[in-house]
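The values are calculated or read from the model by the stated rules, or taken from the named source; none is laboratory data. Predicted, not measured: the structure shown is a model, and the values here were computed from it. We place every Cβ from the backbone using ideal geometry, glycine too, and count neighbours over all the protein chains shown.
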Amino acid sequence: MSHSLPLLTLREEFDRAIDAVTVALVQAGLRVARSFDVDASACAPPHLPCPHHETTPCACQLTMLLVSHNGPPVVLAAHGDRGHTSFSLVEASPPANPQLEQIVTQMLTPQTFLHLSNGQMTHSNHTTRVT
């Protein structure tokens, strides 16, 4: 059994948000692998509304990121729709790697990510490196 723990929503296009989160995690010493991508617009019938947002057609995208460091990975789900991307930690029961879940949860906070005036997204430089 698993459920999802919402961590962070960025007002950023899907791929740019994933890139920013991946860079932050890698710079902290974690490994990140993009496991699969789903573009709902390519597989949802165009006449049916999105089950998440009730818009037609569905423009959702979903990617699972496997985040690891000295042990089993944790799964980070990224869900994007029309310029917003949300990240959630997929929690398993029992937890596969509780220490890593805690590290990822502490790193992916709104305070960690800053939007610069030139439109580029970055993360703060005071992220602790995992050893």
Looking for something more than 23 Å from LEU10 (Cα to Cα), assigned to a strand (DSSP E or B) and either over 12 Å from the mean Cα position of the chain (by Cα) or modelled with pLDDT of 90 or more (or both) - is there at least one such residue anywhere in segment 41-61? no
Residue among HIS79, HIS123, HIS69 that alone is modelled with pLDDT under 60, closer than 22 Å to ALA33 by Cβ and surrounded by 14 or more Cβ atoms within 10 Å (Cβ to Cβ): HIS123
Condition test on HIS3, is it farther than 29 Å from PRO98 by Cα and at pLDDT below 90? no
